[in-house]
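Reading through the structure tokens given below for one structure.
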Amino acid sequence: VSVFQPLVSAGVFLAVVMSSMGTQIGAAQILQALAVDNLLPFLRIFRPSDRSPPTEVHARRAVIATFLLIALVLLSGADLNTMATFQTLFFLLSYAIINLACLLLTIQGSPNFRPVWKHYSWQNAAFGFVACIVVMFYAHPLR
């Protein structure tokens, strides 16, 4: 119920646009971080140049690469519902792996792993891992 319906539609549209832009920038920053850590040598192109000061390191090349990848997928004519399902599965898998890593580091007793969240426990990490896997199969059951 709204007094002015176009204002609600504009708000929903802007929320979706801002969310997608945030996701694109976040993906570009992760891509740049992978390049800086030299985890995958072929991502070297996304490293910031040595000449740029540390306070002004922007992921311009990574933003352009993620934009081109997103545009390629959208222009391929793929079904958006299918793509949304895969995006959900990838996010859930990422969260499951993070929870599993925390669980294994706790069980291992790694001295470098010192979580500061006051509610953290190995039970929470195990529950988060199992919950993510269960929700993955619930969101997209095997056929």
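The values are calculated or read from the model by the stated rules, or taken from the named source; none is laboratory data. Note that the structure is a prediction, hence the values are computed from the model and not measured. We place every Cβ from the backbone using ideal geometry, glycine too, and count neighbours over all the protein chains shown. Only protein heavy atoms, including side chains, enter the accessible area calculation; ligands, DNA and RNA are left aside. Shrake-Rupley method; radii C 1.70, N 1.55, O 1.52, S 1.80 Å.
Is at least one residue of the stretch 89-104 part of a loop (DSSP other than H, G, I, E, B) and within 30 Å of A71 (Cβ to Cβ)? No, the stretch 89-104 has no match at all.
Of all residues in the stretch 56-107, those that are open to solvent by 70 Å² or more (accessible area, probe 1.4 Å) and not hydrophobic (A, V, I, L, M, F, W, C) total 9.
Does at least one position in the stretch 2-14 carry a residue that is closer than 30 Å to P141 by Cβ and either among the aliphatic types (A, V, I, L, M) or surrounded by 12 or more Cβ atoms within 10 Å (Cβ to Cβ) (or both)? The answer is yes; a qualifying residue exists. Taking S110, is it exposed (fewer than 10 other Cβ atoms within 10 Å of the Cβ) and either assigned to a loop (DSSP other than H, G, I, E, B) or more than 18 Å from the chain's Cα centre (by Cα) (or both)? No, not satisfied.
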